[in-house]
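Novice: Encoded as structure tokens, here's the structure I'll be asking about.
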Amino acid sequence: MNFICNFPFFSILLSLFSGTICSVLPGKAAKIVNRVVIAVIGVMSAVLLLYLLSTGESFIYWMGHFPAPWGNEIRAGVLEAGMALFFCIIMYLSMAGGAHKLFGEVVATKHNLYYILVNLLLSSLLALVYTNDMFTAYVFVEINTISACGLIMIRQVGRTIVAAVRYMIMSLLGSGLLLFGLCIMYDLTGHLLMSNIKESVNLLVANGEYQIPLIVSIALMCIGLCIKSALFPFHAWLPDAYGYSTVSSAAILSSLVSKGYIFLLIKIIYRVIGFDIFDNTRIIDVLFVFGLMGMIFGSLSAIKENDIRRMIAFSSVAQIGYIYMGIGMGTQLGMVASVFHILSHAATKSLLFIAAIGLTDVSGGSRKFIELTGSGYRNKWAGVAFTVGSLSMVGVPLFSGFISKLLFSQAAVQIADDKMLAALIVLGISTVLNAIYFMKTVIRIYTPVEETSYPSVTIWDRIPYAVVLVFFIVLNVLLGVSSQPIVDMIGQGLSMFS
């Protein structure tokens with residue numbers, strides 16, 4: 001086996017062991033280790049992606065070189081490597097963008113703990129991307145949950161404790177349902193490896209055996225992952241979790257954590273159940289309906305908010321609805337649109353959270369819209385970055401959000417049933433609602449004020465912060481103007497899933 005085929009295993013182990021190393025390091029050293037590890041894993045993911053694109057085939061890595069059922073498997077294809085690379089890029093920029101606020105948000109004695117949690121979170125995301133074993137996926141779902149909960153509550157203010165408790169309750173409910181569904185599936189098939197489960201499921205369906213338990217198992221796994229990814233109406237924990245955690249935590253949680261669960265769901269649909277079988281269960285129609293509802297009600301909640309970070313958080317509910325709407329369309333193009341929107345939303349939402357903190361810093365620390373008046377002039381970097389993120393969320397051409405909505409529209413037009421009309425109508429309504437609350441905020445931050453006692457930020461202040469914003473903007477524009485190779489890669493990756 002080519003040495004590059006070890007990179008997925010190395011990436012997961014490196015992030016796990018770096019968490020252990022950070023536990024005995026002071027905060028500054030743990031920060032360096034964290035940045036180096038993310039960068040190294042990103043480089044390995046990029047090399048792996050180039051290798052897979054050149055071969056055009058996925059591969060299976062046997063951990064310990066023992067085949068099933070004694071060994072565990074890691075599977076790497078174009079989509080997995082691309083997603084791992086993108087997760088590393090977003091995590092690195094999110095950590096760098098919020099670094100200047102960490103000392104004010106987390107007590108110095110807990111800085112190394114913060115980086116431990118980030119490293120564990122990265123390892124769990126990579127494992128969810130690469131694993132070919134359902135029980136391993138469940139184990140890292142729990143690691144992801146605990147790490148994310150720690151990132152929320154480490155700020156140690158009243159609202160974050162409440163938010164962490166609510167997050168933990170909902171996440172444990174989702175994890176329990178996922179495990180329950182997995183147990184039923186194991187009882188029906190006798191396997192935990194995804195490819196082996198799929199063979200058994202195809203046999204059960206062909207013979208017409210255990211149809212009701214099979215549907216119950218699929219439904220439980222779907223509901224569990226929907227709860228954990230904050231699909232409407234399971235989103236009540238999300239605004240406080242994103243709105244009151246540290247800046248870097250909010251950027252990572254909103255852009256990566258929920259996407260890891262959604263990516264696992266997509267793997268289950270393709271590699272465990274089979275796309276055609278999943279479509280015939282009609283569960284896909286339920287995901288479609290709740291996706292549409294999330295697009296509307298998430299946006300309505302964002303419009304009513306007077307807090308910029310909670311407004312961005314409620315926007316995530318709507319954007320997660322977009323992803324589930326694409327999955328619910330039941331077509332290959334709909335799934336491609338959903339995967340692309342995972343990338344688009346991750347790049348844009350992190351940008352918005354990082355930019356928002358720059359606006360609040362020059363507004364007396366207030367997150368209320370009335371205090372943010374004119375903040376785009378006081379911090380030009382943050383103002384431009386927030387405007388770019390807002391335009392992307394609305395779906396203005398040249399930005400990634402436009403490509404997402406274009407792909408969703410194309411997928412909807414190709415549907416032959418009533419889903420086409422529903423999807424197009426809700427897409428239009430949601431776009432108008434997006435424009436209302438994002439453009440309202442942009443107008444607010446660029447409304448001149450005659451007198452203000454708030455400090456301004458010059459072009460030379462916080463250069464690392466400005467560099468991060470520039471990278472986020474460039475990433476967003478690249479997704480918008482160079483989308484076709486990425487869309488082709490997503491389609492190639494999904495075909496490898498099958």
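The values are calculated or read from the model by the stated rules, or taken from the named source; none is laboratory data. What you see is a predicted model, and the numbers here were worked out from it, not measured in a lab. Quick reminder, even Gly has a Cβ in these numbers, built from the backbone with ideal geometry, and neighbours come from all protein chains shown. Ligands, DNA and RNA are stripped out before the accessible areas are found, and what is left, the full protein with its side chains, is counted by its heavy atoms. Shrake-Rupley method; radii C 1.70, N 1.55, O 1.52, S 1.80 Å.
Novice: Inside the range 337-346, can you point out the residues that are farther than 18 Å from residue 313 by Cβ and either open to solvent by less than 10 Å² (accessible area, probe 1.4 Å) or not in a helix (DSSP H, G or I) (or both)? Can you show your working first?
Specialist: As a first pass, look at the range 337-346 and keep what is farther than 18 Å from residue 313 by Cβ: 337-340, 343.
If the condition is that a residue be farther than 18 Å from residue 313 by Cβ and either open to solvent by less than 10 Å² (accessible area, probe 1.4 Å) or not in a helix (DSSP H, G or I) (or both), then 337, 338, 339, 340 are the ones that fit.
Novice: Picking from 383, 364, 334, 376, which residue would you name as being of a type outside the set (A, V, I, L, M, F, W, C), in contact (Cβ under 8 Å) with a residue 60 or more places away in the chain and part of a loop (DSSP other than H, G, I, E, B)? Give the derivation first.
Specialist: Details: 383 fails: part of a loop (DSSP other than H, G, I, E, B); 334 fails: part of a loop (DSSP other than H, G, I, E, B); 376 fails: part of a loop (DSSP other than H, G, I, E, B).
One residue alone meets the criteria, 364.
Novice: Further question on the same structure: Can you tell me which residue within the range 433-452, out of those that are in a helix (DSSP H, G or I), open to solvent by 70 Å² or more (accessible area, probe 1.4 Å) and touching a helix residue (DSSP H, G or I) at 6+ places or on another chain (Cβ under 9 Å), is farthest from residue 368 (Cα to Cα)? Explain how you work it out, then say what you get.
Specialist: If we filter the range 433-452 for residues that are in a helix (DSSP H, G or I), which is where we start, we get 433-445.
If we keep only those that are open to solvent by 70 Å² or more (accessible area, probe 1.4 Å) too, we end up with 436, 440, 443-444.
Still in the running and touching a helix residue (DSSP H, G or I) at 6+ places or on another chain (Cβ under 9 Å): 436, 440, 444.
Numbers: 436: 17, 440: 13, 444: 11 Å.
By that ranking, first place goes to 436.
Novice: Shifting gears a bit: Would you mention how many residues in the range 462-482 are surrounded by 13 or more Cβ atoms within 10 Å (Cβ to Cβ) and at pLDDT below 85?
Specialist: Qualifying residue count, the range 462-482: 3.
Novice: While we're here: Within the range 109-147, work out how many residues are within 15 Å of the chain's Cα centre (by Cα) and aromatic (Phe, Trp, Tyr).
Specialist: So the count comes out to 0.
Novice: Let me ask something else about it. In the range 1-31, which residues are among the hydrophobic types (A, V, I, L, M, F, W, C) and in a loop (DSSP other than H, G, I, E, B)?
Specialist: From the range 1-31, those among the hydrophobic types (A, V, I, L, M, F, W, C) are 1, 3-5, 7, 9-10, 12-14, 16-17, 21-22, 24-25, 29-30; that's our starting set.
Those that are among the hydrophobic types (A, V, I, L, M, F, W, C) and in a loop (DSSP other than H, G, I, E, B): 1, 24, 25.
Novice: Read through the list (1) under 16 Å from residue 259 (Cα atoms); (2) free of Cβ contacts under 8 Å to residues at least 12 places away in the same chain, then give the number of the only condition that residue 203 fails.
Specialist: All conditions pass for residue 203, except number (1).
Novice: Now for a different question. If you go through the range 347-372, how many residues are more than 19 Å from the chain's Cα centre (by Cα) and either within 16 Å of residue 474 (Cβ to Cβ) or open to solvent by 20 Å² or more (accessible area, probe 1.4 Å) (or both)?
Specialist: 8
Novice: Is there a residue being without any contact (Cβ under 8 Å) to a residue 60 or more places away in the chain and open to solvent by 10 Å² or more (accessible area, probe 1.4 Å) anywhere in the range 303-324? Spell out how you get there, then give the answer.
Specialist: Residues of the range 303-324 without any contact (Cβ under 8 Å) to a residue 60 or more places away in the chain: 304.
Okay, now just the ones that are also open to solvent by 10 Å² or more (accessible area, probe 1.4 Å), so 304.
Checked against the condition, which is being without any contact (Cβ under 8 Å) to a residue 60 or more places away in the chain and open to solvent by 10 Å² or more (accessible area, probe 1.4 Å), the range 303-324 yields at least one hit.
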